Amino acid sequence: MPDTAPSNGRLFVANRGEIALRTIRAAQALGMEVVLGVSAADRDGLGARTANRCVVLGPAQARDSYLNAGLIVHAAVSTGCTALHPGYGFLSERAELAELCAQEGITFVGPTPESIRQVGDKISARAMARAANVPMTSGTDAVEDVAHALKLAEEIGYPVITKASAGGGGRGMVVARNAEELAGAFDQAVMTAREAFGDGTLFIERYVEVARHIEVQVIGDGKGGVVHFGERDCSIQRRYQKMIEEAPAAILSPAVRKRLHEAAVRLLASINYRNAGTVEFLYDTTTEEFFFMEVNARIQVEHPVSEAITGADLVQAQLKLATGAVKGFAQKDVHTAGHAIEARIIAEDPDRDFIPCPGRITRWSPPSGEGIRVDTAVETGTLIPPYYDSMIAKLIVHGNTRVEAIDRLAAALDDFVVEGIATNIPLLKLIVAHEDFRSNTINTRWLETVLLPAFRVQQGR
Amino acid sequence: MHLIVGETDLFLSKDRNAQTQISLTATAPAVPALSHRASVPATPMETPDPKPHGSKIPSGWTLVKAPSLGTFYRAPKPGAPMFTEIGAQVAADSELCLIEVMKLFTTLRAGTHGTIREIYAKDGELVEFDQPLFLIEPDA
């Protein structure tokens, strides 16, 4: 199809599932045409039918389709695309994709390759945060071996946590409460990091025992102008994977919230960050201190809760900025109202240790109504393939207060009907009904240490 | 680098000058000039039907499909004779076409003895994964 892109441009969407569909609709609303690159497993999906054109990149395996940067950029060039949106996951934080786009004259909807590299390496990101005077837990640069690790941990003070320099998601992360635990776990952590990221480099940080995960949504104009869209509390996690996210983080005092926003903006302004990004912090509830964790150089799964409280469309904002339709955003134009919560609907069976449950959805009846939004690309009859992440939808609710949002979420979960496959909806209902969640006294370990044991008792095991 | 793995040939080069020997990109018609984009009103995009036209495929005939998305080339370089034509006899190791992805060329071979009965894709066009490219009637 060598033809000419419309005046608003033609976007290549290099992703799948709900974020692909979300991005297609955002681009079409801005007058762009959209080409979606899919694997053979997704050729008949809602995304493929919604895009102006769909091309099949390769077989179902992500390695030969969604993870092949050359294939994706070739498809974008050959279909006359002027811009490329990477979504989240897959190649979204690989500098290689942004570089290939630049070489071929395609606008990458995201940060520069240099920024992606700088924030993607956790040790260089720590150096960046130190230079920008952003609070961090005491920690180290690259650790050479067990003996080095023990020496450094002694200086920092236990408990400590090992982290992989090359990536996140919990891989390479081990909490050690004393020298014996650190010595016993170090080599395994190096191996896990090497397997996951191809780089076994670790560093060590002081471990915050009772922590909340709080992050700030920002958009940078690439010239040092950075605007934040408030913060999110993503403390309900299982194995470092978020399950419920809220905006704002109700636990913060106004003074701490202001300092947190300023720190995130200062950090990304210091590297002239371009497009959407998130600065993640650990928040120590007892001391009211926050500590820089990492930067996610992409749109995130949980961005809709920030949209719900600000009224912004962050994906449209990404596209407008990348295509030059706007030069930037002004902080004075960003206002927040009410409270929003997102629950991730995942095709996993909490009754069977969260085993992924691919299969055919025989009935899909999501909730709807005031203050309810569902982002998904599945429908009745959709086959959930076994090759990819098992999140199939995001349920987002908005209310005037946190209590109203929680009540709305509880009602929406009761109305959510999915048949044919198992999902985590029963577990989400239990979380939302729990006193600790309602009183907002949870932390990042609460789901695993408090809720799941109670859930297993309820399920009779 | 020239790799032959099973039925697949791979030419790999990071040297842009190496294109003169193995690459067709200089004249590739499927790649629109960047400077021509975004200035002309939109033309509607149509998704081409990737299925072969016409009637059903006779049983025992072989459909050769694209191993991935890429640009389809029927000749080893611009101006050179086509690898094959409708009616031509091919052997299992006969070269049928090149599939290019970002200057990396994969040679597609017939994989069977027979006669080319259909060629579904046009030289220089983008083909998708699994798209039928050639129909071969096997030797009796």
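So, in region A:79-119, how many residues would count as being in a helix (DSSP H, G or I), away from every other protein chain (no Cβ under 14 Å) and touching a helix residue (DSSP H, G or I) at 6+ places or on another chain (Cβ under 7 Å)?
Final tally of qualifying residues: 7.
Under the condition of being assigned to a helix (DSSP H, G or I) and touching a residue at least 40 places away in the same chain (Cβ under 8 Å), which residue from region A:394-407 is surrounded by the fewest Cβ atoms within 10 Å (Cβ to Cβ)?
Residue satisfying both the conditions and the ranking: A:E404.
With the structure loaded, tell me whether A:A410 is surrounded by fewer than 22 Cβ atoms within 10 Å (Cβ to Cβ) and within 13 Å of A:I372 (Cβ to Cβ) or whether it fails that test.
Here the answer is yes, as A:A410 does meet what is asked.
Within region A:104-118, can one find any residue that is basic (K, R), crowded, with 16+ Cβ neighbours inside 10 Å, touching a strand residue (DSSP E or B) at 6+ places or on another chain (Cβ under 8 Å) and closer than 29 Å to A:R257 by Cα?
no
In this structure, is A:A317 touching a residue at least 24 places away in the same chain (Cβ under 8 Å), within 13 Å of A:F229 (Cβ to Cβ), touching an Asp or Glu at 6+ places or on another chain (Cβ under 9 Å) and surrounded by 19 or more Cβ atoms within 10 Å (Cβ to Cβ)?
no
This table checks each residue for (1) without any contact (Cβ under 8 Å) to a residue 60 or more places away in the chain; (2) away from chain A (no Cβ under 14 Å); (3) within 22 Å of A:T79 (Cα to Cα); (4) of a type outside the set (A, V, I, L, M).
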position	(1), (2), (3), (4)
B:Y73	yes, no, yes, yes
B:P76	yes, yes, no, yes
B:T84	yes, yes, no, yes
B:Q89	yes, yes, no, yes
B:V101	yes, no, yes, no
B:F105	no, no, yes, yes
B:T112	yes, yes, no, yes
B:E118	no, yes, no, yes
B:D130	no, no, yes, yes
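With over 23 Å from A:D375 (Cα atoms) and not β-branched (V, I, T) as the only criterion, which of A:G45, A:G37, A:G31, A:G9 stands out?
It is A:G9.
Identify the residue in region B:53-71 that is within 26 Å of A:A76 (Cβ to Cβ) and hydroxyl-bearing (S, T, Y) and, among all such residues, is farthest from the other protein chains (Cβ to nearest Cβ).
Among those that are within 26 Å of A:A76 (Cβ to Cβ) and hydroxyl-bearing (S, T, Y), it is B:T71.
One line per residue, one yes/no per condition, for (1) over 17 Å from A:Q241 (Cα atoms); (2) touching a Gly at 6+ places or on another chain (Cβ under 9 Å):
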{"site": "A:A340", "(1), (2)": "yes, yes"}
{"site": "A:I345", "(1), (2)": "no, no"}
{"site": "A:R360", "(1), (2)": "yes, yes"}
{"site": "A:V374", "(1), (2)": "yes, no"}
{"site": "A:V403", "(1), (2)": "yes, no"}
{"site": "A:G420", "(1), (2)": "yes, yes"}
{"site": "A:S439", "(1), (2)": "yes, no"}
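Residues that are more than 10 Å from every other protein chain (Cβ to nearest Cβ) and either under 17 Å from A:G110 (Cα atoms) or touching a strand residue (DSSP E or B) at 6+ places or on another chain (Cβ under 6 Å) (or both): list the strands (runs of 3 or more DSSP E) wholly contained in region A:9-61 that include at least 1 such residues.
Answer list for region A:9-61: A:10-13, A:33-39.
Failed condition for A:V55, given (1) buried (at least 19 other Cβ atoms within 10 Å of the Cβ); (2) within 21 Å of A:E93 (Cβ to Cβ); (3) of a type outside the set (S, T, N, Q), with all others met?
Here A:V55 meets the rest and fails (2).
Conditions (1) in contact with a helix residue (DSSP H, G or I) (Cβ under 8 Å, 6 or more places away or on another chain); (2) surrounded by fewer than 18 Cβ atoms within 10 Å (Cβ to Cβ), marked per residue:
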position	(1), (2)
A:E262	no, yes
A:S270	yes, yes
A:F281	yes, no
A:F290	yes, no
A:E294	yes, no
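What's the number of the condition A:P6 fails, among (1) buried (at least 24 other Cβ atoms within 10 Å of the Cβ); (2) facing chain B (nearest Cβ under 8 Å); (3) in contact with an Asp or Glu (Cβ under 9 Å, 6 or more places away or on another chain)?
The failed condition is (1).
Is one or more of the residues making up region A:125-145 more than 9 Å from chain B (Cβ to nearest Cβ), crowded, with 23+ Cβ neighbours inside 10 Å and of a type in the set (D, E, K, R)?
Scanning region A:125-145 turns up at least one residue that is more than 9 Å from chain B (Cβ to nearest Cβ), crowded, with 23+ Cβ neighbours inside 10 Å and of a type in the set (D, E, K, R).
Restricting attention to region B:125-135, which residues are in a loop (DSSP other than H, G, I, E, B) and either modelled with pLDDT under 95 or surrounded by 19 or more Cβ atoms within 10 Å (Cβ to Cβ) (or both)?
Matches in region B:125-135: B:E128, B:F129, B:Q131.
Restricting to region A:256-281, give me the number of residues that are in a strand (DSSP E or B) and touching an Asp or Glu at 6+ places or on another chain (Cβ under 8 Å).
Qualifying residue count, region A:256-281: 5.
Going by what's in this entry, would B:A75 be described as out of contact with any Phe, Trp or Tyr (no Cβ under 9 Å at 6 or more places or on another chain) and assigned to a loop (DSSP other than H, G, I, E, B)?
So B:A75 fails the test.
A:A189: within 16 Å of the chain's Cα centre (by Cα) and buried (at least 20 other Cβ atoms within 10 Å of the Cβ), yes or no?
Judged against the criteria, A:A189 is not a match.
Considering region A:358-372 alone, what residues qualify as being among the charged types (D, E, K, R), surrounded by 12 or more Cβ atoms within 10 Å (Cβ to Cβ) and not in a strand (DSSP E or B)?
Of everything in region A:358-372, nothing turns out to be among the charged types (D, E, K, R), surrounded by 12 or more Cβ atoms within 10 Å (Cβ to Cβ) and not in a strand (DSSP E or B).
Do any residues in region A:48-61 that are among the basic types (K, R) have Cβ atoms under 8 Å from those of residues that are surrounded by 22 or more Cβ atoms within 10 Å (Cβ to Cβ), where the two are at least six apart or on different chains, and which pairs are they?
A:R53/A:E33; A:R53/A:V34; A:R53/A:V35; A:R53/A:L36; A:R53/A:T79
If I go through region A:200-217 residue by residue, how many of them are surrounded by 24 or more Cβ atoms within 10 Å (Cβ to Cβ), of a type in the set (A, V, I, L, M) and out of contact with any Cys (no Cβ under 8 Å at 6 or more places or on another chain)?
Here the count works out to 3.
Look at A:A249 and say whether it is within 27 Å of A:G139 (Cα to Cα) and surrounded by fewer than 22 Cβ atoms within 10 Å (Cβ to Cβ).
no
One residue is enough: does region A:302-310 have a residue meeting the conditions within 27 Å of A:P248 (Cβ to Cβ), part of a loop (DSSP other than H, G, I, E, B) and touching a residue at least 24 places away in the same chain (Cβ under 8 Å)?
yes
The values are calculated or read from the model by the stated rules, or taken from the named source; none is laboratory data. This one's a predicted model, so the numbers in the text were calculated from it and none came from an experiment. No Cβ is skipped: glycine too gets one built from the backbone with ideal geometry, and neighbour counts run over all protein chains shown.
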